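Note sheet for the following structure.
The values are calculated or read from the model by the stated rules, or taken from the named source; none is laboratory data. This one's a predicted model, so the numbers in the text were calculated from it and none came from an experiment. Quick reminder, even Gly has a Cβ in these numbers, built from the backbone with ideal geometry, and neighbours come from all protein chains shown. Side chains are part of the model used for accessible areas, which takes the heavy atoms of the whole protein and leaves out ligands, DNA and RNA. Shrake-Rupley method; radii C 1.70, N 1.55, O 1.52, S 1.80 Å.
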Amino acid sequence: MTDDKEKQQDRHWHAMDADEVVKAFEVDSGKGLSGDEAARRLEKYGRNEIPKGPKRTWWQRLLAQFHNVLIYVLIGAAVITALMGHWIDTWVILAVVIVNALIGFIQEGKAEKALESIQQMLSLEALVIRDGTKKTIDAEELVPGDVVLLKSGDKIPADLRLVKSKDLRVEESPLTGESTSVDKAVEPVEEDAIIGDQYSMAFSGTSVTYGKATGVVTGTGTGTEIGKINVMMSEVEEITTPLLQKIEKFGKYLSLVILGIVSLFFAFGYFFRGDEYSIAELFMAVIGLVVAAIPEGLPAIMTITLAIGVQRMAARNAIIRKLPSVETLGSVNVICSDKTGTLTRNEMTARSVITAEKEYRIEGTGYKPEGKFSLDDKEVDPKEEKVLWQLLQAGRVCNNAQIREGENGEWELIGTPTEGAIRTMANKAGLDDFKPERIDSIPFESDHKYMATLNQVDDKRYVFMTGAPERVLEMCTKQLTEDGPEDVDAGFWEEKMEEAAARGQRLLGMAFNESKKEELNKEDCEANKIFLGIVGIIDPPRDEAVEAIRECKEAGVEVKMITGDHVITARAIGKEIGIGDGEKAISGKELEKMSDEELQKAVEEYDVYARTSPEHKLRLVKALQANNKLCAMTGDGVNDAPALKKANIGIAMGIKGTEVSKDASEMVLADDNFASIANAIEEGRTVYDNIKKALLFMLPTNGAESLVLMAAILIGMVMPITPLQVLWVNMVTAVTLALALAFEPMEEQVMERPPRSPDEPILGKHFIWRIVFVSFLVGGITMATFTIMQSQGVDDAVARTIAVNTLVAGQLFYLFNCRKIKMPAIGKGFFGNKYAFIAAGALIALQMLFVYTPFMNTFFDTAPIEGHYWWYSLAGGVIVFITVELEKFLIQKRG
């Protein structure tokens, strides 16, 4: 069955004559297949459905949250504390693990709907001819060779080769990205035509907007274009985020380092400190070292930092569906954006009018009837411009579109986008109420390529015509000037059409003539017209997208435009919004001829890609990733889904995007605004900065504790802090102080620095130095304080309590060092994060409970201390703060 489907796909049905196709499928287009033959083919080719992939259960998704090296380390810590009999420690650590997993599970609850959404796009029923009669059948029962009848409003149930067509127009934007309905025809097209140029085909999942047709089924199920997308999506491997990659690597190294150090110190204690420690005491000390070295709070702090980033992005219209993707945005260096509806408004707008003597510009975008007319950069009154006014009247009456203001204040179109653009242009000139009686009309049809109306204007009758400029010109003998009609200059108009097309404008020609007829017929209509001029129509760029692209470039992020539009249109729009130079663009046909190696070179050279198919978009993303680029892909159609899934971060449109694209993405733009991506990149970079600050803060805590314990083993002295006290310090500093760093605001110039390299380690040389330096600093001060207390003959419990207070004070003061990684802590923005001061207050309160409440004294083996002992801890904290600020100053000075 699979081989049969592959043979189906290998045939270029779009390039074959309709009669050949009918013959190839051994069917009579008037009678259709017989019931028996249809049943036989159903058995051979299978049902017209997209197979459902294996779906993970909720518990499988929940278990997947635990698949992380750091989580394994935490679980290991829980097992170790359980073996020690410290069950409270065990339950605290396990609680951290479970909360971390639940947050991830909730955030990713909708992650696997993409394939289901594609199935929902397919038609449920189909009108076919079988055994010579029309009948409605379940679309899943369609087979290759079935004869299907289409009419306006139908969802196309399978891939069809058209054999009869009457003014068929199909909305293909979900599949191709084409912003307007496509005129279909029966005539074959070139064999290498991409999907958007296969005018003789109608594809499954697209919709008929006008006309009717008959087609022969050429592909069903996974043999359809939409089925191929489904297969591509199921084959695409999801990319893990840079942060997860780095944390996984960091977790592995940390695990190896901890195991190595613990093994060495156990051996040292056993062979060289056997007199001071029993095996049980040594084992407990080593276990304490393991607990000290593991940053228990890190996964929770990371998750909370990411979650806060999610909230901040949501406030800026960027909805994150997968938690780690928050940070990925900050590291992307290429954004591949679909044009229609993402960079542009997806609202066709008349931008220029060319008459025989003048060229006018029209302001305004979309369907809002506001905008001035200008000539040579000077505003003009359309009523004072004879030819322009006549053209505007023609556009107003030879038009079936309606424009109205919706409840939300947005202007809405009822009708085709092209007619909507012309109607809006006329409304801008004040012609909304110009409604002369329509006596007769000839609707637009693809075979004659124009629309004409016969109208009574005052005491005269006129035929008004709009259509393809070259077709309208053929029917004209005159062109209108300010001085009246003159012979038409075909060469002049050809030159003007080429100029307008080079600007990416779609063109519409207009003509008229006076008539005394009572009705219209083609013979009379198609002669002796007076040409009025050409209207240039574009899908205008979003103003905010232009600014966002500029911001992205300043931030070192490349922006590439990938679209289903024609090369000329893509080049012109790209230049207008700041993508490409207006000269270089590459088409889907050219991409198909390239090897993977050639494509990897091309993606470095070209920024504009036109007439692309889903396969091309996926290949482009793969080529960029092969060049070591972190790639974001934006899109709104089904055609974007495989590339959205493959990209490091897929960004779907929330308003105009299909459910398929949303489900395949990591982020959804609530306002469909490309500008929101620039905001999200800012937030993503801030999140990464804050995670690095949390690491820079937390790891010296673990380092200091470990150094204190190791020093005690090396010297052979009483442990300055116990394993349970170690866990207390880890948890309170993580829960209070480290959490405050998650709320740190954006640092200055965050969008003026280039994206970090994907290979850049999460802890660079400077970070490692700072961690080691602060570990020795805080650990040394803590050890010194404990030694001083012992020399004064203070009880061990009191000495340990003061040592813990000193360790915590060092971390408290170091928090304010970490709020700025390289810049001075005290300065602009010092009071910008209120949570840092709230956390400091909470920590002091918790530490008071730790020292002065009896149950805490019993549980943690601490003792109440006299007030003057707090000066030791305070002094230790101040020394840490001043020393780290001095280290920052010296490193900055060195450069």
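Brief remarks follow.
- Against the list (1) in a helix (DSSP H, G or I); (2) buried (at least 18 other Cβ atoms within 10 Å of the Cβ); (3) within 44 Å of the chain's Cα centre (by Cα), the condition LEU886 fails is (2).
- Exclusive hit being farther than 30 Å from GLY395 by Cβ, charged (D, E, K, R) and open to solvent by less than 70 Å² (accessible area, probe 1.4 Å), set LYS617, LYS584: LYS617
- Residues (assigned to a loop (DSSP other than H, G, I, E, B) and open to solvent by 50 Å² or more (accessible area, probe 1.4 Å)) located in the stretch 35-54: ARG47, GLU49, PRO51, LYS52, PRO54
- Residue that is nearest to GLY430 (Cα to Cα) [pool: residues in the stretch 344-380 that are buried (at least 17 other Cβ atoms within 10 Å of the Cβ) and among the aliphatic types (A, V, I, L, M)]: ILE362
- Scan of the stretch 381-415 for residues that are in a loop (DSSP other than H, G, I, E, B), surrounded by fewer than 20 Cβ atoms within 10 Å (Cβ to Cβ) and either touching a residue at least 12 places away in the same chain (Cβ under 8 Å) or out of contact with any strand residue (DSSP E or B) (no Cβ under 6 Å at 6 or more places or on another chain) (or both), ordered by number: ASP381, ASN400, ALA401, GLU407, ASN408, GLY409, GLU410, GLY415
- If you check SER29, SER34 for being of a type in the set (S, T, N, Q) and modelled with pLDDT of 90 or more, only one passes: SER34.
- ALA95 being modelled with pLDDT under 75, surrounded by fewer than 18 Cβ atoms within 10 Å (Cβ to Cβ) and either in a loop (DSSP other than H, G, I, E, B) or out of contact with any Pro (no Cβ under 8 Å at 6 or more places or on another chain) (or both): yes
- Residue within the stretch 496-510 that is among the polar types (S, T, N, Q) and surrounded by 20 or more Cβ atoms within 10 Å (Cβ to Cβ) present: yes
- Within the stretch 431-444, the set of residues being under 41 Å from the mean Cα position of the chain (by Cα) and either modelled with pLDDT of 95 or more or surrounded by 16 or more Cβ atoms within 10 Å (Cβ to Cβ) (or both) comprises PHE444 only.
- Within the stretch 640-664, restricting attention to residues that are surrounded by fewer than 24 Cβ atoms within 10 Å (Cβ to Cβ) and of a type outside the set (D, E, K, R), the residue that is modelled with the highest pLDDT is GLY654.
- Unique residue being among the hydroxyl-bearing types (Ser, Thr, Tyr), at pLDDT 75 or above and surrounded by 14 or more Cβ atoms within 10 Å (Cβ to Cβ) when the list is TYR277, TYR210, TYR253: TYR210
- Hits in the stretch 452-475 - residues which are modelled with pLDDT of 90 or more and open to solvent by 10 Å² or more (accessible area, probe 1.4 Å): GLN456, VAL457, LYS460, ARG461, TYR462, THR466, ALA468, GLU470, ARG471, LEU473, GLU474
- Pick from the stretch 306-359, criterion in a helix (DSSP H, G or I) and among the β-branched types (Val, Ile, Thr), ranking: farthest from GLU666 (Cα to Cα): THR340
- Residue count, the stretch 183-214 (criterion: aromatic (Phe, Trp, Tyr) and over 23 Å from THR563 (Cα atoms)): 1
- Residue tally, condition closer than 25 Å to ARG770 by Cα and acidic (Asp, Glu), over the stretch 780-819: 0
- Check on ALA511, assigned to a strand (DSSP E or B), farther than 16 Å from ILE579 by Cα and out of contact with any Asp or Glu (no Cβ under 9 Å at 6 or more places or on another chain): yes
- Within the stretch 837-861, residues that are without any contact (Cβ under 8 Å) to a residue 40 or more places away in the chain reach partners that are open to solvent by 40 Å² or more (accessible area, probe 1.4 Å) with beta carbons closer than 6 Å, at six or more positions or on different chains, in the pairs TYR852/PRO864; MET856/LEU849.
- Single unsatisfied condition, MET667 versus (1) open to solvent by less than 10 Å² (accessible area, probe 1.4 Å); (2) at pLDDT below 85: (2)
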